Every structure is written in structure tokens, then in C-alpha cells.
Amino acid sequence: MTASMLEVLTGRGPDSAGFAVYGAGADGFTKLTLRGPKDFDFSALAHALQVQVTVRDDHAVISVPVAREAELRQNLAENFPGVAIVAAGSRMELFKGVGLPADVSKRFGLAGMSGSHAIAHTRMATESAVTTQGAHPFSTGPDQCLVHNGSLSNHNDMRRLLMRENMSFETQNDTEVAAGFLSWKLREGAKLDEALTAALDSLDGFYTFVVGTQTGFGVLRDPVACKPAVMAETDDYVAFGSEYRALVDLPGISKAHLFEPEPAKVYFWERAA
Amino acid sequence: MSSALKPAARNEAVLFDLAVDKLRGLNAALAALVPQTNQTSWRVLNPRGEHAVAVGVTVPVEITIDGHVGYYCAGMNDGAVITVEGNAGPGVAENMMSGTVHVRGDASQAAGATAHGGLLIIDGNASARCGISMKGIDIVVKGSVGHMSAFMAQSGNLVILGDAGEALGDSLYEARIFVRGKVASLGADCEEKPMTEGDAALLTGLLKRAGVTAEVAEFKIYGSARTLYHFHVDNAGAY
């Protein structure tokens, strides 16, 4: 379903796209989503590291015992310098790439994935280059990701501030700074809603953010509500889209409660246990 | 004639199914109508949130859209009566010149933006910036409106039966704003005015045209304090 939601927005252009899927996890294991150079041999990597691997185009998900995570991360950094760790978490897998959203979705086989929730994004770059690194979602921490519609005006200042707090950044992208800000707040002990409320004060610019966590997802729009957002709620699901077109294929959409999130209000939905 | 276009028998609506044919075909068919057309009733099926449905119509036909629409529905309307049987995305009836646009559900941001004339009726709520820079349109919202509604509104009337969000009527020119519910805050240079007999008569007429039963006495009227019209030397420091 997320694939069809993403494909509807292919008409917005051939920039880049990405998505995070919260699928099944296994106790005691962490999933690391990796991205390598084109035609990289992930099976050889998995064999060398002695882990299970699922390859999806230039990404691969390895499942590693929690106890070995630190050791494997070091091993990857030392022996596989071309391979980047895109995301980590007990359930989240994260894929992104340059191209038409429909093509990106097909390349990774999004339509065949399943999970409790997922977040997808199509980009029209404003603040940094059209690259895979600059595509959304940005991982903000274990099982956490962020997508953004908008543009931040104080991201350079904020990036410098966060770098002093030992946060690291891969790109000149403004959304990565927002992701870093939330990660930093969470690291300092804030809950997600507190971190989002803090973002209202600290991040300047316009934005509609959607954040994913292991248990659910949150939505925040800037106080002026520059960027569009529409929500659909039914007894079975809650869905978010930048516009209604993305939601039209969802089951029961004609009976869903449709509304626009209020500006400067933190929304969060958690899956019932 | 396109496959999606079902020719109408006498007194029957022309059906256009957007699940079969492209939006461009619909707008082209509507643009090709002459004022004397006999195809005066249209029904658009499966809009599925499409943008720019039934824009730029210049003939007095009736168009009913069977579902939710995306951006700019009924934009630039000049004379048609367009009904949306659902919600409308941003900019519904933007720059309308004349005619009527009726949204049965909610409308997103900037409903009726910059419109010069006609009547826009929204049965549900309208979100932010409803009637932004309106230039003569009449807008009746049966629910509430979001923040910055009637921003820089120049003329026309905005009637709100519910509540208004923050900064209502900011930098207002000569549009009138009637509100029955609460106003979160007024924008710069917007103030409550005494309701004159003329205002009350105008409101009565607007409510009637929108098919609304409501007591005029329950409304307050807001207009421009006109302090921003001219340069004031005391404000020089602000520039």
C-alpha cells in the first residue's frame, strides 16, 4: 500500500525517494540497513561477518546479534569503507535512492514488504544536492526516522551547535540537521513528543515533519502551516499524506475521517500492543 | 469525443469519468463549450483528489464533482455553478470571477484566494488563509476557518459561522468579515466595527444565498482600522 501511495506522487518528478518499513524483528537481534557501491557483493560481506543478509538492489539488511553490534560496526568501518550504515533498529529497514519514486520503489521491492507501519517520501531538493544521501528518510536513531517537506533556514547554525554536542553529519542537508536535533534531544533524555515540541522553538523555517519510531509515528507542522498535510483515520489504520491523492487507494478511504493536522501541534499515533 | 464523455440526452447530465479519461480531456471539453450550449449539466466521476478539476470554465453550466478534489478546483471560474461532493484541496475557487462554487465537505488552505467575484460556499471547515487577498468574492464558511484568513483581503465578504483562527484579517483592506463564533486573534489593522443596517442587510442576503438559517444578531463584523494605508512617520524606525 505504501508503494501505491508513493507511486501516485511519481508525477511530482524524478528527484529521489525513500522509505522506512517497520517489519518483523527478532529478539536479541538488531537490523542494520547497509548501502554499498553499485553491484557490491553483499553475500561476501555477510559471509565474512557471519550474519544473515537480505539484499535489495544497492541496499542490504543484515541481522546481527545485539551483543556483536559494536564489533560488527567497527569491522564494517575498517574492512568495508565503501559501505554505509543507513539505519539501525530492531524492526526498521530504510531504503532510499535517486530516480522516479515508482522506480525507486520497484528497485527495492517495496510492494512486497510488510510491517506495522511505514513512511515514504518523494523529494524535490531545495537545500542540498540530489543524491542518495540527501534523500529522505533520515535515520535519527535506533528504529527512528524523519521525513520533511519544507526548508529550514537555521540549519547551518544548528548543525554547528549539534556538532559541538558530538553529533555527526554526512551532508549539507537541512533535514539531516532536523533529524540530528531530534536524535540529540532523545539522547539527552527527552521523549519524542518533547523533542518535537523543542523543535518548534529551535528550528526556524517551514516544515511538515513525519517521524517514525518502533511503535508508531508522529506529525508536526510549523506554526504557519506552510506545507500541506492530510490525515485519514479509520478504525483500522491512520494514514498521512501531503495530499489526498496519495491516500485514495487505501481501503475504506471513502469512510475515513479526513482532516488536516493543526499547525504547531504535536501528533503521535502508537500501535496498540 | 473522448471515451470518458457520455453524451447527454435531453435534461440529462453529461457524465465524465476521470477513472477512464484524463483530466485534460474534461477541462478541454468544458473550455470548448459555448454560452448557448445545451450541455448545461455535467457530472464528474472519480476525481480521486486530482488537481485543477473544472478550472477556467467561462459558461453558465452546472458541474457536480462526485468526490474529493485536489488543488485549485474550480479555479478562475467565470459563471459556472460547481459543486464538490467531498473535500477540496488548497486553493479551491482561486481567482473566481463569477458563478458559484459549493464544497460539501471541508476545504484546505487558501480557499477563494484572490477571487474577484462569485459565491463560494463551504459546508465544512476551511483551513488557513481562507479568502487570502480576496478582491470581491463572497465566501460563506459554515464551519470554522484557520489562521491568517482574509489576509490582505481587498473587497468582498467573508462570512464564518464557526470560529476564526489566529490573525484574522491581517493587513486588511476593505473586505468585510462576519464571524458568529470566537476569533482566536485579530491580525494587524483588523478591528471590530459597529454593524450598520447596511451590513446587516448584506449579511442577511449572503446567508440566504448560501441557504443558511442564522440570526444576523449573533454575528460580529470586522474591518480595516485603516492605519496601514498611509506612511506614518512614527513607524519609520520599523523599516
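Any read-out appearing in this document is the output of simple, stated calculations on the displayed coordinates, not a laboratory observation. All of these numbers come straight from a predicted model, not from anything done at the bench. All Cβ positions, glycine included, derive from the backbone under ideal geometry; neighbour counts span all protein chains shown.
What relative contact order, as a whole-number percentage, does segment A:25-90 give when Cα pairs under 8 Å and 6 or more residues apart are counted? Could the numbers behind the result be given before it?
On the way: 94 pairs, mean separation 32.6, N = 66.
After rounding, I find 49 percent.
Taking the convex hull of the Cα atoms, report for segment B:5-238 its projected area averaged over all directions, in nm².
The orientation-averaged projected area of the Cα hull of segment B:5-238 comes to 13.5 nm².
Pick from A:Lys227, A:Lys191, A:Lys96 the residue whose mean-square fluctuation is largest in a GNM of chain A, springs joining Cα atoms under 10 Å.
For chain A, modelled as a Gaussian network with Cα springs under 10 Å, the answer is A:Lys191.
Quick one: compute a quarter of the convex hull surface over the Cα atoms of segment A:25-90 and quote it in nm².
Working: hull surface 15.4 nm².
Projected over every direction and averaged, the Cα hull of segment A:25-90 covers 3.9 nm².
Chain A: Rg/Rh from Cα coordinates, Kirkwood Rh?
Numbers: Rg = 17.9 Å, Rh = 18.9 Å.
Reported Rg/Rh (Cα atoms, Kirkwood Rh): 0.95.
Taking the simple approach of a point 7 Å from Cα along Cα-to-Cβ for both B:Leu15 and A:Trp269, what is their distance in nm?
If labels sit at B:Leu15 and A:Trp269, their model points lie 3.4 nm apart.
In whole Å, what is the distance between the alpha-carbon centres of segment A:74-93 and segment B:22-64?
54 Å
Take chain A, connect every pair of alpha-carbon atoms lying under 10 Å apart with a spring to form a Gaussian network, then pick out the residue of A:Leu110, A:Leu152, A:Leu161 with the largest mean-square fluctuation.
In the Gaussian network model the winner is A:Leu161.
Can you give the angle from 0 to 90° between the axis of helix B:197-209 and the longest principal axis of chain B, with both taken from C-alpha atoms, to the nearest 10?
The angle comes out at about 20 degrees.
For segment A:160-225, what does the relative contact order come out to in percent, with C-alpha contacts under 8 Å and a separation of six or more?
On the way: 51 pairs, mean separation 13.4, N = 66.
That works out to 20 percent.
Can you put A:Tyr22, A:Tyr237, A:Tyr207 in order of Cβ neighbours within 10 angstrom, beginning with the fewest?
Ranking A:Tyr22, A:Tyr237, A:Tyr207 by Cβ neighbours within 10 Å, fewest first, gives A:Tyr237, A:Tyr207, A:Tyr22.
Reachable aspartates and glutamates from B:Lys142, Cα under 20 Å, same-chain residues fewer than 8 places away excluded?
A:Glu260, A:Glu262, B:Glu85, B:Glu94, B:Asp106, B:Asp123, B:Asp163, B:Glu166, B:Asp199, B:Glu215, B:Glu218
Most exposed first by the Cβ proxy, i.e. fewest other Cβ within 10 Å, how do B:Trp42, A:Trp184, A:Trp269 rank?
Working: B:Trp42 24, A:Trp184 20, A:Trp269 16.
Going from least to most buried by this count: A:Trp269, A:Trp184, B:Trp42.
In whole Å, what is the distance between the alpha-carbon centres of segment B:65-131 and segment B:138-214?
Taking the Cα centre of each part, segment B:65-131 and segment B:138-214 sit 17 Å apart.
Can you list the lysines whose alpha carbon sits under 25 Å from that of B:Lys135, skipping same-chain ones fewer than 8 residues off?
A:Lys227, B:Lys182, B:Lys193, B:Lys208, B:Lys220
State, as an integer percentage, the relative contact order of chain B based on alpha-carbon contacts under 8 Å between residues 6 or more apart. It would help to have the intermediate numbers written out before the result.
On the way: 755 pairs, mean separation 21.6, N = 239.
That works out to 9 percent.
Test of understanding: in a Gaussian network model of chain B with alpha carbons linked when under 10 Å, which of B:Ala31, B:Ala115, B:Ala107 would top the mean-square fluctuation ranking?
Of B:Ala31, B:Ala115, B:Ala107, the most mobile in the Gaussian network model is B:Ala31.
Specify, per residue and in Å³, the volume enclosed by the convex hull of the alpha carbon atoms belonging to the protein assembly as shown.
Values: hull volume 89.9 nm³, N = 512.
Spread over its residues, the Cα hull of the protein assembly as shown gives 176 Å³ apiece.
Quick one: order B:His147, B:His116 by neighbouring beta-carbon count within 10 Å, fewest to most.
Ascending number of Cβ neighbours within 10 Å: B:His116, B:His147.
Considering all projection directions equally, how large on average is the shadow of the alpha-carbon convex hull of segment B:139-239, in square nanometres?
6.5 nm²
Mind checking which lysines have their C-alpha under 26 Å from A:Lys31, skipping anything on the same chain fewer than 8 residues away?
A:Lys96, A:Lys106, A:Lys185, A:Lys191
Given the C-alpha centroids of segment A:30-51 and segment A:107-133, what is the distance between them in whole angstrom?
20 Å
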